[in-house]
């Protein structure tokens with residue numbers, strides 16, 4: 001004990017003070033305390049550690065890469081979304097086109113496989129079939145190209161699921177007028193039908209008992225035991241035949257023009273030449289039944305329109321027994337009128353129907 005006291009006394013005053021403060025005889029703090037202190041100071045020490053700065057930058061680089069990947073992924077998703085929308089739009093368009101094509105194929109199939117022996121309501125009439133029927137009914141259709149179109153007075157129009165009256169021309173009045181006028185001519189008499197192709201009047205007259213000659217520059221496909229067909233121009237026709245009656249139905253106004261495959265005569269009045277020849281071909285007291293367009297005088301590549309002076313010039317040498325005018329009121333209606341030819345309106349479609357007798 002004496003030795004210990006002696007050693008304490010030999011220590012310097014500062015050392016004695018530190019020993020007194022520790023209270024544990026001057027020993028260092030325990031290991032647990034040291035570890036706790038180090039844990040508190042680790043973040044600060046690592047922040048200033050050069051090795052830690054590199055790791056931090058690497059983490060930032062990785063973070064930037066991740067953000068870039070995320071942005072790229074968003075852009076790809078957006079692009080893919082637009083691409084998918086475009087593809088869907090194209091698919092919808094193609095689907096519509098395929099539906100349209102399928103509908104056309106179905107219509108074509110019904111058209112090609114049409115069975116005329118089966119029952120078909122008008123609702124089955126398709127647009128392509130309607131166009132074909134309308135074309136065939138016209139003066140340009142297949143029958144016309146084959147010389148088998150007869151200019152019907154009533155034209156029927158076709159549309160999808162519909163058939164209707166489309167047009168009525170002057171033929172609605174002309175043939176009946178011819179038949180009425182020829183009532184004064186006995187059956188068995190000779191009749192010359194001028195410009196007979198595209199008309200069935202010659203066949204009807206032959207059927208009624210008249211001996212008919214039909215003349216036209218174009219071949220006439222009709223035949224009958226009382227019907228003779230002549231292909232030629234009446235103004236140039238050399239024959240000794242003479243007729244009890246002459247029918248010239250909507251023909252004289254076209255002669256000498258470019259209509260109906262004729263060569264237009266610029267200096268000749270072929271119509272007047274033809275009327276002179278018709279007068280020669282008619283027996284004394286023979287009958288002329290003539291129809292032609294009248295109104296404001298004009299001439300074009302299709303035909304002529306005669307005023308009163310022009311009509312009188314055509315009928316020189318004939319005694320007129322009847323002059324009836326019919327005029328178009330609308331596309332499907334014609335009416336008889338009492339107006340004189342010189343008073344007709346310029347745009348009025350009017351036809352003169354004449355019955356005359358050869359007196360000289």
Exposure proxy check: 360, 299 ranked by fewest other beta carbons within 10 Å?
-> 360, 299
The ratio Rg/Rh over the Cα atoms of the range 83-200, Rh being the Kirkwood inverse mean 1/r radius, stands at 1.26
Fewest-first ranking of 284, 210, 177, using other Cβ atoms within 10 Å as the exposure measure | 284, 177, 210
Among 252, 337, 101, which comes first, second and so on when ranked by fewest other beta-carbon atoms within 10 Å?
-> 101, 337, 252
Two-site FRET efficiency, residue 172 against residue 102, from Cβ-Cβ distance with R₀ of 45 Å, rounded to 0.05 | 0.55
So for the range 122-168, using the alpha carbon gyration tensor with a ≥ b ≥ c as root eigenvalues (a/c under 1.5 gives rounded; past that, a/b versus b/c decides prolate or oblate), I'd call it oblate
In nm, spacing of pseudo-spin labels at residue 276 and residue 186 (7 Å Cα→C-beta vector) | 3.4 nm
Set of the range 221-249 residues, backbone N closer than 14 Å to the point 7 Å along the Cα-Cβ line of residue 262 | 232-237, 248-249
The range 151-170 residues near the modelled residue 329 label - backbone nitrogen below 15 Å, point 7 Å along Cα→Cβ | 168-169
Taking the Cα-to-Cβ direction at residue 345 and at residue 200 and moving 7 Å from each Cα, how far apart do the two end points lie in nm?
-> 3.4 nm
P(r) of the range 171-358 in 5 Å steps, Cα pairs, percent per bin?
-> 1, 8, 17, 21, 22, 17, 10, 4, 1, 0
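The numbers here are math on the coordinates, done by the rules we state, and not lab data. This one's a predicted model, so the numbers in the text were calculated from it and none came from an experiment. Please note: Cβ atoms are built from the backbone with ideal geometry, for glycine as well, and neighbour counts cover all protein chains shown.
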